[in-house]
Every structure is written in structure tokens, then in C-alpha cells.
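One structure below.
The values are calculated or read from the model by the stated rules, or taken from the named source; none is laboratory data. The shown structure was predicted, so the numbers you read here are calculated from the model rather than taken from an experiment. Virtual Cβ from ideal backbone geometry, glycine too; neighbours counted across all protein chains shown.
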Amino acid sequence: MSTEISPTAFPELLQRLDRMLDLFERTMNSTASDADEVVFASAIAFSWQRREGGGHFRPIKHPDVMQLEYLLGIDRQREALVRNTRQFLCGVPANHVLLWGERGTGKSSVIKALLQRFAGDGLRLVQVHRHDLLDLPEMIDRLWDRPEYFILFCDDLSFEEDDAEYKELKALLEGGLTARARNVLVYATSNRRHLMPEHMADRQLVFEGDEVHPNEAIEEKLSLADRFGIRLGFYAVDQRTYLEIVHHLAEIRCLQVDLAVLDREALRWSLSYSGRSGRSARQFIDDLEGRLAMDNMQN
């Protein structure tokens with residue numbers, strides 16, 4: 001036995017469905033808002049995680065935070081980043097920032113160090129992986145009315161030509177229909193200056209290709225980086241700066257080592273491993289401190 005629905009009943013049925021969907025959406029939003037309230041009260045750093053049924057902010061209980069003053073050899077970049085972040089926290093115009101350059105030169109460290117300086121002023125970091133960039137509209141909606149100020153931290157970011165995440169980030173930075181959130185900025189790091197791979201074939205298009213406007217294809221690759229209002233370059237340090245970093249870290253760790261021996265070992269380390277950089281200096285000090293501790297345990 002089948003039950004037929006009268007055509008005159010369809011409008012009423014659709015209205016009931018609309019009310020049910022509206023109630024469901026309000027319930028889901030209320031649940032997410034309540035959950036966010038608990039999460040954001042528990043930490044100063046977070047990561048975005050997507051699971052079946054939606055995404056959520058997860059507190060990072062033990063964030064890797066250091067003091068800005070410990071980061072040597074990047075004074076100009078550090079001052080520009082601090083100034084922009086201070087403007088952001090004061091509610092005046094500030095820019096999204098791209099930190100690009102050689103590996104181990106302090107790009108990620110200087111962003112994480114902002115928490116030590118500004119967490120008391122309401123700054124929060126949210127780590128966003130590249131595959132989560134498709135969720136940017138949902139993240140922005142969830143953060144929109146929060147009293148804190150959020151930096152979406154995209155570390156080691158790069159794209160290929162066919163990545164869907166590329167367009168989502170591009171729309172967030174500038175050009176989308178949604179208004180810009182007053183309390184959200186993007187700080188990204190990358191080894192690539194323009195975030196996209198650049199091939200010799202791209203330049204050959206200008207002279208040999210069949211495309212009518214080859215320059216436009218190249219400019220499309222550069223357009224994402226251009227949407228970061230501030231772009232800071234990071235470079236390998238010279239020997240003098242490298243040794244200054246080593247000396248500074250050794251002093252912080254209270255390592256009792258002859259300065260000549262320290263310099264000789266530090267330079268040997270830079271030749272054998274990752275070259276001269278802040279990361280290399282820290283890795284050397286970690287190794288040295290560990291060896292000295294083992295010697296003391298054996299004596």
C-alpha cells in the first residue's frame with residue numbers, strides 16, 4: 001500500500017524541511033561555538049584537524065616557543081614582523097606576511113617566537129597544513145567573532161600548478177567575495193620566493209611558445225606571493241654571524257668551553273652538516289651540550 005502526497009501539500013512540506021535544516025544548522029553552529037570556547041581558553045597555540053563530520057581546532061599543549069632576542073642575524077626581518085604584528089594587535093591595518101628563503105635561516109622560529117612576546121596581548125597561532133587550506137572559509141567563520149587575534153601559520157608552503165588549495169588561499173588573501181576578518185592574518189614560510197615552481201620552459205614561452213600572451217601565464221604564478229603585503233627574504237649567514245649565534249647559544253646553555261675550541265668545532269660542524277645557519281648553530285650546540293653531559297656522567 002503506497003501513500004501519495006497531494007501536490008498542494010508540497011509547499012508546507014518544503015517549509016517544514018527548511019525549518020528543520022535551519023534548526024539543525026543552528027544546533028551544529030552552537031555546538032562548534034561551545035567547543036571552540038573551551039579549546040581557546042586552554043592554550044595559546046592550536047592546529048586545525050579535519051575528521052569525519054567536520055574540522056576542529058586542537059590545542060597544542062606544549063608549543064615550541066622561544067624569545068625573539070635569541071634569534072640573531074635576522075634583525076631587519078624580525079623588526080618588520082614585530083611591527084606588523086603590533087599593528088595587527090592594535091586593531092589598525094596590517095599585512096599578511098610571506099617569509100621566504102634558505103632552509104634553517106629562522107623563518108619558522110621568528111613566527112613562533114611572536115607568541116612569547118604577544119600572547120599576553122591576545123595573539124594566538126593556528127598551524128594550518130597545506131591540505132587543510134580548503135577549510136579556510138570554515139576556519140574564518142569560526143574565528144570571526146572571537147576576541148583573540150589569530151595568525152594562521154602555514155609552514156614550508158609551496159604549490160604545484162594544479163593544487164586546489166592554491167586558489168583557496170589566494171581568495172582569502174585578496175580577491176574573494178568574503179570580507180577580510182579583522183582578527184585573522186596569514187603568516188607563511190616557504191623555500192620558494194613565489195610559492196610556485198618556476199621552470200625554464202615558462203621563460204621560453206615568451207620567445208618561442210604558441211601562447212598569445214605568455215607573460216600572463218608567468219604572472220599568474222607570481223600572483224599568489226604578490227597578495228602577501230610583506231615579503232621578507234632570509235639568507236644564509238656569514239661566518240662571523242654564525243659564530244655569534246653559536247656563542248650566544250653556548251652562553252644561554254651555560255656551556256663551559258674554551259672559545260677557540262668552540263669556534264673550531266662549530267666551523268667543522270657547519271662544513272660537515274648543514275652549512276652556516278641559525279638551525280645549524282642550534283644543532284651543533286645541542287650535540288655539544290649532549291656530549292659534555294655524557295662526559296660528566298662518566299667522570
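Of everything in region 202-260, what is farther than 30 Å from THR85 by Cβ, among the acidic types (Asp, Glu) and at pLDDT 75 or above? Give them in sequence order.
Matches in region 202-260: ASP258 only.
Could you tell me how many of the residues in region 228-241 are within 16 Å of SER274 (Cα to Cα) and touching a residue at least 60 places away in the same chain (Cβ under 8 Å)?
Residues meeting the conditions: 5.
Scan ARG253, ARG282 and give me the residue that is buried (at least 16 other Cβ atoms within 10 Å of the Cβ) and outside the structural domain of GLU102 (by TED's automatic domain parsing).
Numbers: ARG253 fails: buried (at least 16 other Cβ atoms within 10 Å of the Cβ).
Being buried (at least 16 other Cβ atoms within 10 Å of the Cβ) and outside the structural domain of GLU102 (by TED's automatic domain parsing) holds for just one of ARG253, ARG282, which is ARG282.
Only one of ARG103, ARG78, ARG58 is of a type outside the set (S, T, N, Q), free of Cβ contacts under 8 Å to residues at least 40 places away in the same chain and closer than 17 Å to PHE234 by Cα. Can you tell me which?
Criteria check complete, one pass: ARG78.
Pick from GLU138, GLU148: which is modelled with pLDDT of 95 or more and surrounded by fewer than 18 Cβ atoms within 10 Å (Cβ to Cβ)?
Of GLU138, GLU148, the one residue that is modelled with pLDDT of 95 or more and surrounded by fewer than 18 Cβ atoms within 10 Å (Cβ to Cβ) is GLU148.
So how many residues does region 224-271 have that are in a loop (DSSP other than H, G, I, E, B), basic (Lys, Arg) and closer than 26 Å to VAL186 by Cβ? Can you show your working first?
The first filter runs over region 224-271 and keeps only residues in a loop (DSSP other than H, G, I, E, B), leaving 227-229, 235-238, 253-258.
From what is left, the residues that are basic (Lys, Arg) are 227, 253.
Checking the rest, the ones that are also closer than 26 Å to VAL186 by Cβ come to 227.
Qualifying residue count for the region: 1.
Looking at LEU123, is it crowded, with 17+ Cβ neighbours inside 10 Å, closer than 25 Å to ASP34 by Cβ and either among the small types (Gly, Ala, Ser) or touching a strand residue (DSSP E or B) at 6+ places or on another chain (Cβ under 6 Å) (or both)? It would help to see each step written out before you state the result.
Details: crowded, with 17+ Cβ neighbours inside 10 Å: yes; closer than 25 Å to ASP34 by Cβ: yes; either among the small types (Gly, Ala, Ser) or touching a strand residue (DSSP E or B) at 6+ places or on another chain (Cβ under 6 Å) (or both): yes.
Against the criterion (crowded, with 17+ Cβ neighbours inside 10 Å, closer than 25 Å to ASP34 by Cβ and either among the small types (Gly, Ala, Ser) or touching a strand residue (DSSP E or B) at 6+ places or on another chain (Cβ under 6 Å) (or both)), LEU123 qualifies.
Select from region 182-201 the residues that are at pLDDT 80 or above, surrounded by fewer than 17 Cβ atoms within 10 Å (Cβ to Cβ) and over 14 Å from the mean Cα position of the chain (by Cα) and list them in ascending order.
Correct list: ARG182, ARG192, ARG193.
Return yes when GLU289 is at pLDDT 90 or above, touching a Lys or Arg at 6+ places or on another chain (Cβ under 8 Å) and either surrounded by 17 or more Cβ atoms within 10 Å (Cβ to Cβ) or assigned to a helix (DSSP H, G or I) (or both) and no when it is not.
Numbers: at pLDDT 90 or above: yes; touching a Lys or Arg at 6+ places or on another chain (Cβ under 8 Å): yes; either surrounded by 17 or more Cβ atoms within 10 Å (Cβ to Cβ) or assigned to a helix (DSSP H, G or I) (or both): yes.
Criteria met by GLU289.
Quick one: count up the residues across region 111-132 that are over 11 Å from the mean Cα position of the chain (by Cα) and assigned to a helix (DSSP H, G or I).
The total comes to 11.
Only one of these is within 24 Å of ARG50 (Cβ to Cβ) and free of Cβ contacts under 8 Å to residues at least 40 places away in the same chain: ASP121, ASP141, ASP132. Name it.
ASP141
Here are GLU148, GLU102: which of them is acidic (Asp, Glu) and over 26 Å from LEU195 (Cα atoms)?
Answer to the check: GLU148.
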